[in-house]
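The values are calculated or read from the model by the stated rules, or taken from the named source; none is laboratory data. All values reported here derive from a predicted model rather than from experimental measurement. Cβ atoms come from the backbone with ideal geometry, glycine included; neighbour counts cover every protein chain shown. In case anyone asks, the SASA skips ligands and DNA or RNA and just uses the protein heavy atoms, side chains included. Shrake-Rupley method; radii C 1.70, N 1.55, O 1.52, S 1.80 Å.
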Amino acid sequence: MTRLAAAEPLVILAVAPVLLFPTPARLIIALLLPAVWWCNRRATGHWFPPTPLNASLFLLLGMAAVSLGVTFDVPWSLPKVAGLLLGVSAFWAIARWTTSRPRLAAATAAFVLAGAVLAVLGLLGTDWLGKFPLFAPVIDRLPRAIRGVPGAEEGFQPNAVAGCLVLFIPLQAALLARRDLPNAPHRGWLLGAQAALLVLTTGTLLLTQSRGAWAGLLAGFLAFLAWHSRATRVLAAAIAAGLVLVAAQLGTQRMVDLAISQSGPQMARNVSSRMELWSRAVDGIRDFPITGMGMNVFRVVMPQMYPTRLSTPDVDVAHAHNHLLQAALDLGIPGLVGYIGLWITVGLLLVRVYRRSAEPFARVLAGGLGAGLIAHFAFSMTDAIPLGAKVGVLFWAALGLVAALNAIYSAKPA
């Protein structure tokens, strides 16, 4: 029993394919999850690791269960519900396993490598879009090696790849810039490997041509400057002042027009379509405020009940292009409360660790994870990786690292 409890991360890996590509018949294998939780209850006294995020997680899972009762088609919503269950289970497994500094270092290394794997899969399997001719010569030479994945038969959506990559790049940069590494013989190899991984993920992000991800990464960078030190706060203030001066000189409307005109073709149409889509999402939330429509339902209901003028009915609009609106559409206002609660709690935990810990690694990890999550949040305000999406498990892994970091370092005196 104790051994099964200790093998929770391996059980999550074994169950992951079933939850990523679920069918009612396959889900019998997912019963391994409550079995592991029961074993942990017997071994540790807790079904789930006690984390500050648990109240929000239980609310999200409860509303996901409710959503199965209101969806127009359970098999249609099942992949997103199963994906959410996988993400939360991965979060708990990481939080429960990562109980010491060496394990935190190992989990961080695994997370960074997961970002590199995502970048490689993106290079081999993305359905590339030609927004900027500058990148066409590189994209044309990339092999289309991964196709036919359920849900992404024509290739991975580039914005989804980019929205996850921004979780990793700030952390990779922060780890590369560490000054507390020992002068060991392998130090140069370690720094070289970290630099190579940073180049890989950043290069893939650029090739996705996701303007939302680029803007999100900039927001994360500015936020990191604002909290890192007095010198970086001065730099952030100087950048902000420069932007204000430019806006005052050009005028707000001209600056917006300039930004749109320099953001690639179809940008003006994209902005208009986003605003129209958000208004339709608000209408949907008004109609289903308590339970939501059900997970993954908006893409089907929207063309029938909330048609838009700027998108044709044959175009699959997978989500509302705003993660807060999408959470409310999927799980109702209670689900949105749980989702916002996650973000607020994570932010408070990172600030607490950053202020209380004097250890450089803890501060580097808190700063890198915080900047990555800010970048992901900013990206998700104009795009979204919906709750339960396959790549969304990487978001839950980041939250698991935050919970572990808080448990290990928050009680340490400054």
Exercise. Assigning unit charges at the beta carbon (Lys, Arg +1; Asp, Glu -1) and nothing else, what dipole magnitude in debye, to the nearest 20, does the range 303-386 show about its Cα centre?
Worked result: 520 debye
For this session: Take R101, R211, R141 and sort them by solvent-accessible surface of the protein heavy atoms, 1.4 Å probe, largest at the top.
Result: R141, R101, R211
For this session: Specify the residue with the greatest mean-square fluctuation among G212, G151, G292, computed from a Gaussian network of the chain linking alpha-carbon atoms under 10 Å apart.
Result: G151
Exercise. Cβ under 11 Å from G87's Cβ, G87 left aside: what net charge do those residues give with Lys, Arg +1 and Asp, Glu -1?
Worked result: +2
Problem set entry | Among W38, W214, W189: highest mean-square fluctuation, GNM of the chain, C-alpha pairs under 10 Å | W189
Exercise. Which whole-Hz ³J(HN,Hα) couplings does the range 143-148 yield from phi under the Karplus relation 6.51 cos²θ - 1.76 cosθ + 1.60, θ = phi - 60°, glycine and proline marked x?
Worked result: x, 8, 7, 10, 9, x
For this session: State whether the range 1-135 is rounded, prolate or oblate according to the following rule on the C-alpha gyration tensor (a ≥ b ≥ c being the square roots of its eigenvalues): a/c under 1.5 gives rounded; otherwise a/b larger than b/c gives prolate, and the remaining case gives oblate.
Result: oblate
Exercise. Sequence-distant or interchain residues sharing an amide H contact under 5 Å with V149, placed H: which?
Worked result: G155
Seminar exercise, completed: Candidates for semi-axes √(5λ) of the Cα gyration tensor in Å are (1) 67, 23, 19; (2) 31, 30, 21; (3) 51, 22, 21, and the calculated one carries label (2)
Problem set entry | Positive minus negative residues near M295 (Lys, Arg vs Asp, Glu; Cβ under 12 Å) | 0
Exercise. Any idea how far the Cα center of the range 5-38 sits from the one of the range 82-119, in Å?
Worked result: 16 Å
For this session: Note down the accessible area of H228, probe 1.4 Å, to the nearest 10 Å².
Result: 80 Å²
Exercise. Taking a probe of 1.4 Å, how large is the accessible area per residue of the chain, in Å²?
Worked result: 47 Å²
Seminar exercise, completed: Given unit charges at Cβ for Lys, Arg (+) and Asp, Glu (-), the dipole magnitude of the chain about its Cα centre in debye, nearest 20, is 1300 debye
Problem set entry | Carbon and sulfur %, accessible surface of the chain computed with the full protein complex present, 1.4 Å | 69 percent
Exercise. Between rounded, prolate and oblate, where does the range 120-248 land on the alpha carbon gyration tensor, with a ≥ b ≥ c its root eigenvalues, rounded for a/c under 1.5, else prolate if a/b exceeds b/c?
Worked result: oblate
Seminar exercise, completed: Counting Lys and Arg as +1 and Asp and Glu as -1 over every other residue whose Cβ sits under 11 Å from the Cβ of A366, the net charge comes to +3
Exercise. Whole-Hz Karplus ³J(HN,Hα) for the range 197-206, in order, using 6.51 cos²θ - 1.76 cosθ + 1.60 and θ = phi - 60°, x for Gly and Pro?
Worked result: 5, 5, 5, 5, 5, 5, x, 5, 4, 4
For this session: Using only the Cα atoms of the range 122-177, build the gyration tensor, take square roots of its eigenvalues as a ≥ b ≥ c, and label the shape rounded, prolate or oblate: rounded if a/c is under 1.5, else prolate if a/b is larger than b/c, else oblate.
Result: oblate
For this session: As a check on your grasp of the helix formula, calculate [θ] at 222 nm for the chain: sum -39500 (n - 2.57) over DSSP H runs of n ≥ 4, divide by the residue count, round to the nearest 500.
Result: -23000 deg cm²/dmol
